[in-house]
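Report on one structure; see the data block that follows.
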Amino acid sequence: MPSETNVLGDSVEYVLTSALRAASDQDPVYVVGPTPAIVEALVTRAIDVDDSPPVRVLATEELLKSATDDFLVASNASDLLASGALDLRIVDDPPDNSLVVTESSIVAVVTVGDRAAGLSTQDDGLVDTAADTYAEQFAAAREFSLRTPALSDVRTSLEQDLGADIREEFDAVLAALETVQDGRAELDEVTISLLVAARNEVLLYDISKWGEDVGIASKATFSRTKTKLEERGLLKTEKVPIDVGRPRLRLSLADDRLREADVADLAAVARDLLD
């Protein structure tokens, strides 16, 4: 088959989605030498568990750690790993270009600023060689260990332990974060959990026990983050007596701007206060 070159789209997500849709749903697709933006787009938007082929990523350990430092990326990746739709492996010397290798094409993902294009070749000999090469590299590569809990497990356990309303608000804040990360103060998963808990006046013990049980962070991390947010004026606590033992702390929002904000705006207001 003759070689041909095409510009597939103007965003990383579009390029990846186009490449995956054109591939067979049986043969694996190799994503080699991705950027963090490519990993993020893969795990949060491009891979459809029901329709996409299995995706095998080959990247440096440093790159994978950087890409999965974000909770949304890491928790979505954990879901995909559990389903078998994604596999992450470590290589020390990936190619200079980010490649998507399917059974019928090689797509070089080219990014310039906030735009991206996919330059594709369907040359049979080149595609076969690339597929064989990266299949061998993948088989020999080390697995990347991801400790972040799967987002589906986080949502299920949050609803079971603290209620459907809190789970819905947690989801709303996460969805809003996808559009407000712009270089200002970032909110991690512990901060998000505490803000939603405070909005619903949940006990610190209950939210921190849930977070430790599901694998988000230890009770000590929740306590330290609570103290930081309290010192910055975002949260306040009230002692609640219990039958046996020390009183527990009920969380609530300390700033009127947080109390008056819609849940979809909670993240943006909190980031403004933390800047």
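The figures follow:
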{"item": "Of all residues making up the range 120-135, the number that are among the small types (G, A, S), in contact (Cβ under 8 Å) with a residue 60 or more places away in the chain and loosely packed, with under 13 Cβ neighbours inside 10 Å", "result": "0"}
{"item": "Candidate set from the range 105-119 (those that are touching a helix residue (DSSP H, G or I) at 6+ places or on another chain (Cβ under 8 Å) and at pLDDT below 90); member that is most open to solvent (accessible area, probe 1.4 Å)", "result": "T111"}
{"item": "Selection status of A67, modelled with pLDDT of 90 or more and over 18 Å from L177 (Cβ atoms)", "result": "no"}
{"item": "Hey, A67 under 22 Å from E189 (Cα atoms) and buried (at least 22 other Cβ atoms within 10 Å of the Cβ) or not", "result": "yes"}
{"item": "Top-ranked residue in the range 76-94 [being at pLDDT below 95 and touching a Pro at 6+ places or on another chain (Cβ under 9 Å); ranked as least open to solvent (accessible area, probe 1.4 Å)]", "result": "A85"}
{"item": "Flag if V109 is closer than 12 Å to V32 by Cβ and in contact (Cβ under 8 Å) with a residue 24 or more places away in the chain", "result": "yes"}
{"item": "Conditions (1) without any contact (Cβ under 8 Å) to a residue 24 or more places away in the chain; (2) in contact with a Leu (Cβ under 9 Å, 6 or more places away or on another chain); (3) farther than 20 Å from W210 by Cα: number failed by L273", "result": "(1)"}
{"item": "In the range 218-229, the residues that are open to solvent by less than 20 Å² (accessible area, probe 1.4 Å) and of a type in the set (A, V, I, L, M)", "result": "L229"}
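The values are calculated or read from the model by the stated rules, or taken from the named source; none is laboratory data. Remember, it's a predicted structure, so these values are computed and weren't measured experimentally. In this analysis, Cβ positions are derived from the backbone assuming ideal geometry, glycine residues included, and neighbour counts consider all displayed protein chains. With ligands, DNA and RNA removed, areas are computed over all heavy atoms of the protein, side chains included. Shrake-Rupley method; radii C 1.70, N 1.55, O 1.52, S 1.80 Å.
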